[in-house]
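Values quoted throughout were computed directly from the atomic coordinates according to the rules given, and no laboratory measurement underlies them. This structure is a prediction, so every number in the text was calculated from the model and none was measured. Cβ placement follows ideal geometry from the backbone for every residue including glycine, while neighbour counts extend to all protein chains displayed.
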Amino acid sequence: MSQRKKEGVREAILEAAFRLFSAQSYIETSIPAIAREADISTANVYVYFSSKLDILYTLYEPWLNERLEKLDRSLKRVASPEARLERLLVALWRDLPRETNGFAKNIMQALSTTGGGDSYSPHLRELFQSRVAKWIESCLSVSPAESDVIAGVVLMAFDGFAMNVHLDHGMACDAKTARLFSRMLGGAHAEERKEKRPAPSHDDAGRGRHGAA
């Protein structure tokens, strides 16, 4: 009975925090406010979570993973690499920042206000970047190292668009912008492959003329 009660309190804290983070923001939500929303004492919150950041990470990881799984299924249905890259950028730069009243902005707010007492782990960001890198590799046929670099830049843009939803009354990247950048990435990669292609040697040219004769 005691264990079930504890789990119920933990879930009440998470549900209360999710409502407040979604309706307000990380910055505007305090531990006492979460406690009031969950109908428990502030001290009781700290029995289950070490900090507000700890609560946010506990909420954000399953929230993000659920949406990345959905995106993965969506991308698998797109045959063309060019269209798949565009779909990826639209999802990351437009759709995800808008989800759940801009819930992703809370992570950016949290990291920008993290103090020395908060423990930050790059685990979730590394997982996110790893998934994006694999999608980019499948769209552009680049090396794992190159796709990881591109994924890092794509996610920095995601951070900016997520914050922009909060700052600019729900505005984020539009489909036209995502299409432009997907074409730029695809075009730049095509040019790079062309430059790396070895020029025909004199022997090859001679064999070609001989064959033509």
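Table for the structure above
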| read-out | value |
| --- | --- |
| Karplus (6.51, -1.76, 1.60) ³J(HN,Hα), θ = phi - 60°, over the stretch 88-99, in Hz, Gly and Pro reported as x | 4, 5, 4, 5, 7, 9, 10, 6, 4, x, 8, 4 |
| Qualifying GluC sites (Glu not before Pro) in the stretch 1-110, DSSP loop, other Cβ atoms within 10 Å at most 11 | Glu28 |
| Karplus 3J(HN,Hα) series, Hz, for the stretch 9-21 with 6.51 cos²θ - 1.76 cosθ + 1.60 (x for Gly, Pro) | 5, 4, 5, 5, 5, 5, 5, 5, 5, 4, 4, 6, 4 |
| Sparsely packed trypsin sites (Lys or Arg not before Pro) within the stretch 22-94, loop by DSSP, other Cβ within 10 Å at most 16 | Arg77 |
| Sites Ser80 and Glu7 - FRET efficiency at Förster radius 41 Å, r taken between beta-carbons, to 0.05 | 0.30 |
| Label-point separation in nm, Ala145 to His123, each point 7 Å along Cα→Cβ | 2.9 nm |
| Among the listed pairs Lys6/Lys134; Lys70/Lys105; Lys6/Lys70; Lys105/Lys176; Lys70/Lys176; Lys6/Lys76, those beyond 30 Å (Cα-Cα) | Lys6/Lys134; Lys6/Lys70; Lys6/Lys76 |
| The stretch 1-49, relative contact order in percent, only Cα pairs under 8 angstrom and at least six apart counted | 33 percent |
